[in-house]
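The values are calculated or read from the model by the stated rules, or taken from the named source; none is laboratory data. Model, not experiment: these values are computed from the prediction. Note that each Cβ is placed from the backbone with ideal geometry, even for glycine, and that neighbours are counted across all protein chains shown.
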């Protein structure tokens with residue numbers, strides 16, 4: 001699982017979706033195979049996740065720095081069904097984002113740094129958009145601007161100012177259409193508990209039996 005490292009700046013648009021019969025190898029050892037006849041497969045260390053389709057309707061994007069995530073999309077009959085695959089560890093975890101009515105493949109942008117957040121803008125016919133920011137590692141929905149007709153290009157950014165401390169924004173041109181907070185970081189104590197032995201008191205007790213401190217660590 002990638003470290004949740006959010007940096008200030010505008011999200012960067014990704015290239016177009018890859019379609020048809022095409023393979024890709026990621027920097028961290030995963031393999032992505034897309035076939036017009038069988039659909040999409042994401043594999044790593046003997047683990048495979050699939051979107052099965054025989055009608056050339058699966059598409060994918062690889063993103064993150066390094067390439068920690070794969071987006072898979074089944075685009076069929078005006079419905080874009082998207083799954084994010086997290087491939088940073090030894091295996092693969094998949095998270096279904098849902099199916100959204102869209103007149104074309106959605107536009108995707110990743111956050112500054114290692115792409116821990118991404119923006120998907122679904123094109124809802126006839127001219128509306130549904131822009132949503134997700135967390136890349138687990139597909140958690142962080143911010144949505146709803147369904148509306150934009151006046152300009154839809155984008156997103158992360159800001160951290162006195163007026164807007166640690167905020168995510170969805171923008172229509174320069175106009176803010178949604179505002180939310182950065183997701184919280186997380187940490188784990190190792191070990192989970194530090195248990196002291198039974199209390200030993202008395203003037204003649206050897207120092208070796210008077211345990212006063214235990215050592216642990218906190219991992220991001």
Checklist entry - Do you know which of the residues in the stretch 85-112 that are buried (at least 17 other Cβ atoms within 10 Å of the Cβ) and part of a loop (DSSP other than H, G, I, E, B) is modelled with the lowest pLDDT? => result 88
Item to check | Filtered residues of the stretch 39-65 (kept if surrounded by 15 or more Cβ atoms within 10 Å (Cβ to Cβ), within 14 Å of residue 90 (Cα to Cα) and out of contact with any strand residue (DSSP E or B) (no Cβ under 6 Å at 6 or more places or on another chain)) | outcome: 44
Checklist outcome for this item: Looking across the stretch 28-38 at residues that are in contact (Cβ under 8 Å) with a residue 24 or more places away in the chain and not in a loop (DSSP other than H, G, I, E, B), the single one that is nearest to the chain's Cα centre (by Cα) is 32
Item to check | Condition met for residue 132 (crowded, with 19+ Cβ neighbours inside 10 Å and either at pLDDT below 95 or more than 22 Å from residue 26 (Cβ to Cβ) (or both)) | outcome: yes
Next on the checklist: Given the criterion modelled with pLDDT under 95 and crowded, with 20+ Cβ neighbours inside 10 Å, identify the matching residue among 68, 28.
Outcome noted: 68
Checklist entry - From the residues in the stretch 163-176 that are more than 22 Å from residue 4 (Cα to Cα) and surrounded by fewer than 18 Cβ atoms within 10 Å (Cβ to Cβ), which one is farthest from the chain's Cα centre (by Cα)? => result 163
Checklist outcome for this item: Filtering the stretch 113-145 for residues that are assigned to a loop (DSSP other than H, G, I, E, B), within 13 Å of the chain's Cα centre (by Cα) and more than 13 Å from residue 72 (Cβ to Cβ) leaves a count of 8
Next on the checklist: Anything in the stretch 148-159 that is more than 17 Å from residue 108 (Cα to Cα) and within 20 Å of the chain's Cα centre (by Cα)? List them, or say none.
Outcome noted: 159
